[in-house]
Amino acid sequence: MTDNNDDFEGFPDDFEFPADNDDTPREEPQIYFSDDLITIYTAFCNQVFNPQSVLYPSCGFDASPVKVFDDVTFVDIEKGSEGCVKKLQEAGFQALKQDIKTYSPQDLHDLLILLNPAIPTEWASRHLKPGGYILANDYHGNASEMYEQPNQFTLWGSIDFVEKDRRKNDNRVVVSRNLEDLFQPMKDAAEFERLKPTEFKFTRDLVLSYVDQGVLRADPNDSFEKKWAAYREVMREGMPDRRVADRYIFVKN
């Protein structure tokens, strides 16, 4: 734990984030198959494109693509997912412990999967043939990065779950070509409340709680708009988009 809070200038100098003191022995991680992801890949294969060669960098222990696609190459440098490549290999899958920047395939792939990869898109997309597809989420900003480079990538569409509460075991998804409001930031708090009332309430309560606790430096008499702006500055967040998708589909130009 560092005592340097310079990266969190909106928090009090004596504020410390909770330390992780959990010494409980952990079981050895195993590869897994996600029902949600298998549903997404099946819809993509049936409704968008049936790839011949799939690249999945920063895969960790997730082996889900092999349940749908015939030829999948897993690449992981194993920073934070130590042992995943060996586990994938032991299961009979094509997996390489390698930096994606130095990966050199014999033939370019035609589908790239980017799920929380913690790498710039270009490091992996260089191994994708022109016209190849990219299936990504935006948790680490990869989808936004591609949207901001229209000369290199074209937003094709999105894939969304029909039932948002997947605890009900409803894994149906819909593939859409509707691009309206994707990657379009909201204008203000009023629009946020109108378009996404549940998310707005959660955000509002969080921001006001931080102000009340003194965690966030803001004048309690300021408008919520100003408090929210202070929060976004501290958290390095932009305005939320008017519409987001569970997964985004891009095509490499």
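The values are calculated or read from the model by the stated rules, or taken from the named source; none is laboratory data. Just so it is clear, the structure is predicted and the values come from calculations on it, not from any experiment. Positions of Cβ are generated from backbone atoms using ideal geometry, with glycine treated the same way; all protein chains shown enter the neighbour counts. SASA here: full protein model, heavy atoms, side chains in, ligands and nucleic acids out. Shrake-Rupley method; radii C 1.70, N 1.55, O 1.52, S 1.80 Å.
Yes/no matrix, rows are residues, columns are (1) farther than 19 Å from Val68 by Cα; (2) of a type in the set (A, V, I, L, M, F, W, C); (3) out of contact with any Lys or Arg (no Cβ under 9 Å at 6 or more places or on another chain):
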position: Asp99; (1), (2), (3): yes, no, yes
position: Glu122; (1), (2), (3): yes, no, yes
position: Pro130; (1), (2), (3): yes, no, no
position: Asn142; (1), (2), (3): yes, no, yes
position: Pro150; (1), (2), (3): yes, no, yes
position: Trp156; (1), (2), (3): yes, yes, no
position: Val173; (1), (2), (3): no, yes, no
position: Glu180; (1), (2), (3): yes, no, no
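For Glu180, which of the numbered conditions (1) surrounded by 17 or more Cβ atoms within 10 Å (Cβ to Cβ); (2) in a loop (DSSP other than H, G, I, E, B) fails to hold?
Just one mismatch for Glu180, condition (1).
How many residues does the range 232-253 contain that are out of contact with any strand residue (DSSP E or B) (no Cβ under 8 Å at 6 or more places or on another chain) and closer than 24 Å to Asp181 by Cα?
Within the range 232-253, the first condition is being out of contact with any strand residue (DSSP E or B) (no Cβ under 8 Å at 6 or more places or on another chain), and the residues that meet it are 232-237.
Next cut, closer than 24 Å to Asp181 by Cα only: 232-233, 235-237.
Summing the residues that are out of contact with any strand residue (DSSP E or B) (no Cβ under 8 Å at 6 or more places or on another chain) and closer than 24 Å to Asp181 by Cα in the range 232-253 gives 5.
May I ask you to list the residues in the range 191-241 that are outside any loop (DSSP other than H, G, I, E, B), among the small types (Gly, Ala, Ser) and either within 27 Å of Glu145 (Cα to Cα) or under 21 Å from the mean Cα position of the chain (by Cα) (or both)?
Within the range 191-241, Ala229, Ala230 qualify.
For the subset of the range 142-175 comprising residues that are part of a strand (DSSP E or B) and open to solvent by 50 Å² or more (accessible area, probe 1.4 Å), which member is modelled with the highest pLDDT?
Across the range 142-175, the extreme among qualifying residues is Thr154.
Would you mind stating whether Asn178 is in contact with a Gly (Cβ under 9 Å, 6 or more places away or on another chain) and at pLDDT 95 or above? Walk me through how you get there before you give the answer.
Working: in contact with a Gly (Cβ under 9 Å, 6 or more places away or on another chain): yes; at pLDDT 95 or above: yes.
When the stated conditions are applied, Asn178 passes them.
Against the condition modelled with pLDDT under 95 and under 26 Å from Thr39 (Cβ atoms), how does Ala118 come out, does it pass? Walk me through how you get there before you give the answer.
Values: modelled with pLDDT under 95: yes; under 26 Å from Thr39 (Cβ atoms): yes.
Yes; evaluated as a whole, the condition is true for this residue.
Do you know which of the residues in the range 106-130 that are in contact with a strand residue (DSSP E or B) (Cβ under 7 Å, 6 or more places away or on another chain) and open to solvent by 40 Å² or more (accessible area, probe 1.4 Å) is nearest to Phe153 (Cα to Cα)?
Pro130
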